[in-house]
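K.L.:
Input: one structure, supplied below.
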Amino acid sequence: MEFGEFSKANYSISLDTKSQLFSARSNDDPKFEATGVTIQDALSELAKLDAKIRL
C-alpha cells in the first residue's frame, strides 16, 4: 500500500443531497464557498472568489 499526498487540490467538494447542489470550499480560507449543479460549476464559481484555486 502506498501512502502520501496524491492531490495538490486546495479545495474540498461536498454534495447537499436535499438540494442536489455541489459545494466547493477553499481549504486555505473556508469563508470562500460556492455552489453549482455540477462539480465543475461549483469549482468555476469558487475560482472567481479565490484566486488561489487552481482548476
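Every number here is computed from the coordinates shown, using simple stated rules; none is lab data. Given the structure is predicted, the values throughout are model-derived calculations rather than measurements. No Cβ is skipped: glycine too gets one built from the backbone with ideal geometry, and neighbour counts run over all protein chains shown.
K.L.:
Which of SER12, SER26, SER44 ends up with the largest GNM mean-square fluctuation for the chain, with Cα atoms connected below 10 Å?
P.N.:
Among SER12, SER26, SER44, the largest GNM mean-square fluctuation belongs to SER12.
K.L.:
Could I ask something else about it? Take the chain, mark every one of the chymotrypsin sites (Phe, Trp or Tyr not before Pro) that falls in a DSSP loop and has at most 16 other Cβ within 10 Å, then report the longest stretch left between them, sites excluded.
P.N.:
7-55
K.L.:
Let me ask another. Using only Cα atoms, find the angle between the long axis of helix 39-49 and the longest principal axis of the chain, and express it within 0 to 90 degrees, rounded to the nearest 10.
P.N.:
90 degrees
K.L.:
Each label point is 7 Å from the Cα along the Cα-to-Cβ direction; what then is the distance between the points at LYS31 and LEU15, in nm?
P.N.:
It is 3.1 nm.
K.L.:
Further question: Would you work out the charge dipole size for the chain about its Cα centre, treating the Cβ of every Lys and Arg as +1 and the Cβ of every Asp and Glu as -1, and quote it to the nearest 20 debye?
P.N.:
100 debye
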